[in-house]
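To start, the structure under review is shown below, and the notes come after it.
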Amino acid sequence: MSELDIQPALVAELLEGFLREEVGSAGLERAVVGLSGGVDSAVVAALCTRAFGASNVLAVLLPYRLSSPQSSSDAELVRQHLGLTMKRCDISAMADSYLEPERIDDRRRRGNVLARCRMIVLYDLSVEWKGLVVGTSNKSEILLGYSTQWGDGAYALNPLGDLYKHQVYQLARFLELPEEVIDKSPSADLFEGQTDEGELGFTYAEVDRLLYRLVDRRYSEEELVAEGFAREFVRRVADMVVATQFKRVAPPIAKLSRRSVGHDFRYLRDWKR
Amino acid sequence: MARMDCRLVVAQTNPALGDLRANMEDHLQRVEAAAGAADLILFPELSLTGYFLRDQVDEVALATDDAFLRPLLEKSRRISIAFGFVERSREGRLYNALGFLEDGRFLAVHRKVHLVTYGLFDEGRDFAAGERFRTITSRHGRFGPMICEDMWHMPSAYSYFLDDADAILVASASPARGVDAPGPGLASQRTWNVLLSATALLYRTWVVYSSRVGWEDGIGFGGGSRVLDPYANARAALEGLEPGALTATMDSAILRRARNELPLRRDEKPWILATELARHVPLLGALRGEAALKNE
């Protein structure tokens with residue numbers, strides 16, 4: 001048993017309530033989820049199915065011409081497992097119409113463009129489907145800033161954002177999702193052969209233990225080193241968290257007036273809901 | 001005063017944030033359903049307004065003579081009603097308050113003393129703090145009102161204990177948190193259960209806990225409303241995260257028996273507390289001529 005272990009049944013119950021109420025606050029009862037074939041989006045699709053029923057969840061597959069075929073077949077497995085309607089929108093023409101004439105080869109730029117093209121499609125479909133875009137970023141990714149701002153980092157609400165990757169796996173097993181999806185290496189599939197852990201240079205198992213102490217328990221660097229974490233690893237991860245804070249907050253608005261949006265115009269999103 | 005049994009309804013609600021009309025409608029329906037079969041109904045903290053109000057605090061505040069409250073006051077001729085609202089005082093201050101209505105009037109208003117201003121809470125910015133813990137003498141018994149964090153500070157329950165209150169009424173809006181294994185259940189709820197039980201045992205009193213449910217911008221509220229007898233046995237409890245209602249009868253014979261078996265109030269020596277307090281509160285020490293104690 002790990003100190004990060006959760007009570008999955010309780011978490012599923014809380015998140016179903018969260019999804020129903022926060023989507024209900026917008027006057028809606030349907031969800032749009034981009035399925036990548038990975039465990040995070042599979043868990044979100046399963047939670048949405050529990051919250052709204054399969055007929056109210058639109059799964060969307062958004063392949064690019066260089067995406068791994070495995071991603072599509074795993075997404076199909078999830079779709080079948082949950083009995084969802086799936087829409088397939090190939091984003092190749094959309095992305096290439098910009099990437100090719102501009103001759104953009106940089107992996108990071110290409111990856112960001114693909115993530116933002118997917119966002120455009122999901123948000124457009126949400127109008128037709130009359131549902132909200134439900135995000136799939138977990139706490140590990142959010143804290144490391146391992147996402148594209150306004151791409152996969154854009155969503156109307158997010159049930160996984162306070163769960164480390166370890167906890168998402170636990171929830172996936174509780175929700176009895178297909179083993180193939182749970183067991184494969186996490187990947188953003190933005191370029192061939194990409195894996196999260198290969199790109200980050202550490203495993204989620206390692207970094208989850210560290211982030212849990214650093215963020216949830218507020219350990220100092222000295223306390224972490226005393227517990228056996230390598231100082232370089234601690235510093236590297238702590239620096240990543242600080243450097244990516246801009247992805248976790250709303251952009252600043254310059255205050256000029258007596259009462260300003262973003263500063264002292266203090267209302268929840270659920271204002272009068 | 002001879003003690004009577006009190007038939008109780010505890011409402012576990014999900015208020016709409018800042019929507020006074022919708023919440024009043026819900027209050028009136030629940031009160032109507034309880035009237036006749038119960039003597040008292042308790043609602044959660046800020047039940048008429050919702051919790052994370054921020055700049056809405058001023059917009060939803062009500063003076064106790066506001067016409068908007070009249071329908072609820074009318075209903076209090078048939079059943080006593082304790083409900084949460086934002087009170088606008090005569091001086092214009094805004095309080096996180098629990099109104100106690102009986103016989104068509106405000107019998108009492110408890111203003112939250114211990115505003116929470118740490119972690120995810122910012123009440124000290126939005127509300128003025130209450131200054132007293134006063135037992136309410138109702139036609140159905142003597143009640144000690146508290147709002148959520150008030151219970152974490154001993155002077156609240158201790159004051160009501162000295163007053164020989166029959167029951168402590170706790171109105172709460174407690175964010176659900178702590179889902180770590182093995183549990184069981186929410187860590188926040190387990191903590192509350194310990195606190196409620198300890199209070200029932202230490203002060204030999206009924207403890208009535210009304211706690212809201214629902215979500216406000218990603219923060220869920222934990223529910224877990226319950227009624228504990230003076231032995232800390234749960235007489236009724238809601239374990240889920242859904243709105244609901246509890247019924248229980250606060251039996252005066254049980255209270256009498258519990259206090260006879262373990263006469264904690266009879267044997268309490270409040271003057272010892274006064275002496276010890278004089279060491280911590282200089283003015284009190286000076287009044288008692290005991291300032292020297294501070295250096296002992």
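Observations on the model:
- Point-to-point label distance, B:ARG90-B:ARG132, nm (Cα→Cβ direction, 7 Å offset): 1.3
- For the protein assembly as shown: lysine pairs under 20 Å (alpha-carbon distance), excluding those fewer than 8 apart on one chain: 6
- Each 10 Å bin from 0 upward holds the following percent of the Cα-Cα pairs of segment B:150-227: 18, 46, 27, 8, 0.
- HN-Hα J in Hz across segment A:7-22 - Karplus 6.51, -1.76, 1.60, θ = phi - 60°, x for Gly and Pro: 8, x, 5, 5, 5, 4, 5, 4, 5, 4, x, 4, 4, 4, 6, 6
- Bridges between two residues of segment B:89-197, per DSSP, are antiparallel at a rate of about 60%.
- Remark: chain B projects, on average over all directions, an area of 17.1 nm² (convex hull of Cα atoms).
- Distance (nanometres) between label positions extended 7 Å along Cα→Cβ at B:ARG70 and B:LEU283: 4.2
- The share of Cα pairs per 10 Å bin across segment B:148-296, counted from zero up to the longest distance, runs 11, 32, 27, 19, 10, 1 percent.
- Sorted by Cβ neighbour density within 10 Å, fewest at the top, the residues A:GLU102, B:GLU102, A:GLU180, B:GLU131: B:GLU131, A:GLU102, A:GLU180, B:GLU102
- Pairwise label distance in nanometres, A:ASP183 with B:LEU162, each label 7 Å out on the Cα-Cβ vector: 6.8
- Fluctuation leader among A:SER68, A:SER41, A:SER140 - chain A, Gaussian network, Cα springs under 10 angstrom: A:SER68
- Taking the DSSP beta bridges with both ends in segment B:6-262, the antiparallel portion is around 65 percent.
- Max mean-square fluctuation residue, GNM over chain A, Cα-Cα springs under 10 Å, options A:ARG88, A:ARG65, A:ARG217: A:ARG217
- Kirkwood-based Rg to Rh ratio, segment A:8-197, C-alpha trace: 0.94
- Amide N of segment B:184-204 lying under 18 Å from the label point, which is placed 7 angstrom from the Cα of B:LEU262 along Cα→Cβ: B:193-204
- Under 5 Å, built H, 5+ apart or other chain: amide partners of A:LEU61: A:LEU35, A:LYS87, A:ARG88, A:CYS89
- Long-range HN-HN contacts of B:ALA108 with modeled amide H, under 5 Å: B:PHE100
- For A:TYR219, distant residues with modelled amide H under 5 Å away: A:LEU214
- Net lengthening on full extension, A:ASP239/A:LEU256 (0.36 nm per residue, minus Cα-Cα): 2.9 nm
- Most mobile listed residue (B:ASN193, B:ASN260, B:ASN23) in chain B, GNM with C-alpha springs under 10 Å: B:ASN260
- Residue-wise HN-Hα coupling along segment B:166-177, computed from phi with Karplus coefficients 6.51, -1.76, 1.60 (Hz; x: Gly, Pro): 7, 8, 9, 9, 10, 9, 9, 9, 9, x, 6, 7
- Computed on the Cα atoms alone, the convex hull of the protein assembly as shown gives a volume of 205 cubic angstrom per residue.
- Sequentially through segment B:58-73, phi angles give Karplus couplings (6.51, -1.76, 1.60; θ = phi - 60°) of 5, 6, 9, 5, 10, 6, 5, 9, 5, 4, 4, 7, 4, x, 6, 4 Hz, Gly and Pro residues having no value and appearing as x.
- Estimated dipole of segment A:8-197 in Debye, rounded to 20 [Cβ of Lys and Arg +1, of Asp and Glu -1, Cα centre]: 280
Quick note: the coordinates plus some simple rules give every number you see, no bench work behind them. In this text, all values refer to a predicted model and were calculated from it rather than measured experimentally. Neighbour counts run over all protein chains shown; Cβ positions are idealised from the backbone, glycine included.
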